[in-house]
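K.L.:
For reference, the structure I am asking about is given below.
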Amino acid sequence: MYIHQTIGLKGFVLIADIAKSISVYRYQDETKTLSLLSRDIKPLEVFGIEYIIDNTQLGFLATDSQCNIFLYMYQPEARESFGGQRLVRRADFHVGSRVVSMFRVRCKIKDPSTEKKSSSSVEKKHVTYYASLDGSLGYLLPMAEKTYRRLLMMQNALVIHLPHNAGLNPRSYRMVKSQQRLLQNQSRNILDGDLLWKFLHLSMNERVELCRKIGTTSDQILDDLQEADRQTANF
């Protein structure tokens, strides 16, 4: 093992190995012992790690040398976790840059423009910011399942509707890249914010037509995007 980064959170310790992916350890104060809780068994050249917090849900983020970012969960009830011995990969995304640094900030509770306080569910949710070697910045924000499904349908509609640079497909670009053959299906489950924000640059008629196709309204999509912007307006 070659451990190059560790991050603690209460009784948990997240460990990054340069070749053997990530592991989660649990520290028990009563017995002063550190024991292995779960780990990812597949090899991964980890560049950076961080926690992602969504109320009572705790996830583990890892980035690799191929410019990908992965989200793992500890779910002992899942069959593929083998009773909790293995971390379950729940999401993956190709960032396009080597991410080496991440940090968490609690979501913005008050709306900067109206001073209106957000719901109690936002108070225990964190946004995870990241920085890459080429100087780019980004963030990962947990969101409700209903909102995610609605924005996912809009993202798929935008892939078809918008003309893309050099005819390149953004959906294909965001798929995980690997030098080795992957023996599992890609999880995805992370929305492409760069693509979704292009919805704001469409004409009114285009917005109405796209929303009609997915069974929602333009106001609803705008509210979802504005809510994400409000929760991440920390700087």
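The values are calculated or read from the model by the stated rules, or taken from the named source; none is laboratory data. Note that the structure is predicted; figures quoted are calculated from it, not measured. Positions of Cβ are backbone-derived with ideal geometry, glycine not excepted, and every protein chain shown enters the neighbour counts. The accessibility values were calculated without ligands, DNA or RNA, using every heavy atom of the protein model including side chains. Shrake-Rupley method; radii C 1.70, N 1.55, O 1.52, S 1.80 Å.
K.L.:
With +1 on the Cβ of every Lys and Arg and -1 on the Cβ of every Asp and Glu, and nothing else charged, how large is the dipole of the stretch 160-235 about its Cα centre, in debye rounded to the nearest 20? Write out the running numbers ahead of the final one.
P.N.:
Details: 10 positive and 9 negative charges, 106 e Å.
Here the stretch 160-235 has a charge dipole of around 520 debye.
K.L.:
To the nearest 500 deg cm²/dmol, what mean residue ellipticity at 222 nm is calculated for the chain from DSSP H runs of n ≥ 4 alone, each contributing -39,500 (n - 2.57), summed and divided by the residues? The partial results should precede the final answer.
P.N.:
Numbers: 6 runs with 54 residues, N = 235.
Taking each H run of at least 4 residues, the total per residue is -6500 deg cm²/dmol.
K.L.:
Assuming R0 = 25 Å, what is the FRET efficiency of ASP111 and GLN220, from their Cβ-Cβ distance, to the nearest 0.05? The partial results should precede the final answer.
P.N.:
Numbers: r = 18 Å, r/R0 = 0.72.
For R0 = 25 Å, the calculated efficiency reads 0.90.
K.L.:
Treating only the Cβ atoms of Lys and Arg (+1) and Asp and Glu (-1) as charged, compute the dipole magnitude of the chain about its Cα centre; round to the nearest 20 debye. Working shown, then result.
P.N.:
Working: 32 positive and 25 negative charges, 72 e Å.
In debye, rounded to 20, the chain gives about 340.
K.L.:
Could you size up the charge dipole of the stretch 96-235 around its Cα centre, putting +1 on the beta carbon of Lys and Arg and -1 on that of Asp and Glu, and report it in debye to the nearest 20?
P.N.:
Numbers: 22 positive and 14 negative charges, 101 e Å.
About 480 debye.
K.L.:
Now for a separate question. Taking only protein heavy atoms and a 1.4 Å probe, what accessible area per residue, in Å², does the chain have with all protein chains in place?
P.N.:
Details: 13770 Å² over 235 residues.
Normalised by residue count, the accessible surface of the chain is 59 Å².
K.L.:
In a GNM of the chain with a 10 Å cut-off on Cα contacts, which of LEU140, LEU151, LEU36 has the highest mean-square fluctuation?
P.N.:
Looking only at LEU140, LEU151, LEU36, the biggest GNM fluctuation is shown by LEU36.
K.L.:
Ranked by accessible surface with a 1.4 Å probe, highest first, in what order do TYR130, TYR74 come?
P.N.:
Numbers: TYR130 35, TYR74 85 Å².
Ranked from most to least accessible, the order is TYR74, TYR130.
K.L.:
Which GluC sites (Glu not before Pro) does the stretch 33-116 hold that lie in a coil by DSSP with at most 11 other beta carbons within 10 Å? Mind dumping the intermediate values first?
P.N.:
Values: sites: GLU45, GLU50, GLU77, GLU80, GLU115; in loops: GLU45, GLU77, GLU115.
Loop-located and lightly packed - GLU77, GLU115.
K.L.:
Find which of LEU71, THR232, GLY138 sits farthest along the positive direction of the dipole of the chain, computed with +1 on the beta-carbon of Lys and Arg, -1 on that of Asp and Glu, about the Cα centre.
P.N.:
The listed residue farthest towards the positive side: LEU71.
K.L.:
How large are Rg and Dmax for the stretch 7-69 when calculated on the C-alpha trace, in angstrom?
P.N.:
Looking at the stretch 7-69, its Cα Rg and Dmax stand at 12.5, 41 Å.
K.L.:
Are there trypsin sites (Lys or Arg not before Pro) in the stretch 145-186 that DSSP marks as loop and that have at most 10 other Cβ atoms within 10 Å, and which are they? Could the numbers behind the result be given before it?
P.N.:
Values: sites: LYS146, ARG149, ARG150, ARG171, ARG174, LYS177, ARG181; in loops: ARG174, LYS177, ARG181.
Hits after loop and neighbour filter: ARG181.
K.L.:
Let me ask something else. Contact order normalised by length for the stretch 1-149, with contacts defined as Cα pairs under 8 Å and 6 or more residues apart; what percent is it?
P.N.:
Numbers: 341 pairs, mean separation 23.7, N = 149.
RCO, the stretch 1-149: 16 percent.
K.L.:
Measure up LYS110/LYS213; LYS108/LYS198; LYS177/LYS198 against 31 Å on the Cα-Cα distance and list the ones that go over. Provide the component values of the computation, followed by the final result.
P.N.:
Numbers: LYS110/LYS213 33 Å; LYS108/LYS198 23 Å; LYS177/LYS198 24 Å.
Too far apart for the 31 Å limit: LYS110/LYS213.
K.L.:
For the chain, which whole percent of the accessible surface, found with a 1.4 angstrom probe, sits on carbon and sulfur atoms?
P.N.:
Working: 7030 of 13770 Å².
The computed percentage sits at 51.
K.L.:
In a Gaussian network model over the chain where Cα atoms closer than 10 Å are linked, find which of ALA62, ALA78, ALA91 has the largest mean-square fluctuation.
P.N.:
In the Gaussian network model the winner is ALA78.
K.L.:
If you don't mind, another one. For the stretch 123-137, list residues with backbone N below 20 Å from a point placed 7 Å from the Cα of TRP197 toward its Cβ?
P.N.:
Residues 126-137 fall inside that zone.
K.L.:
Taking just the C-alpha trace of the stretch 124-223, give me its Rg and Dmax in Å.
P.N.:
15.4, 45
K.L.:
Additional query: Which one, PRO43, PRO163, PRO142, has the greatest fluctuation when you compute a Gaussian network model over the chain with C-alpha springs under 10 angstrom?
P.N.:
PRO163
K.L.:
In 10 Å bins starting at zero, report the fraction of Cα pairs in the chain per bin as a rounded %.
P.N.:
Bins of 10 Å from zero give 7, 28, 34, 22, 7, 1, 0 percent of pairs.
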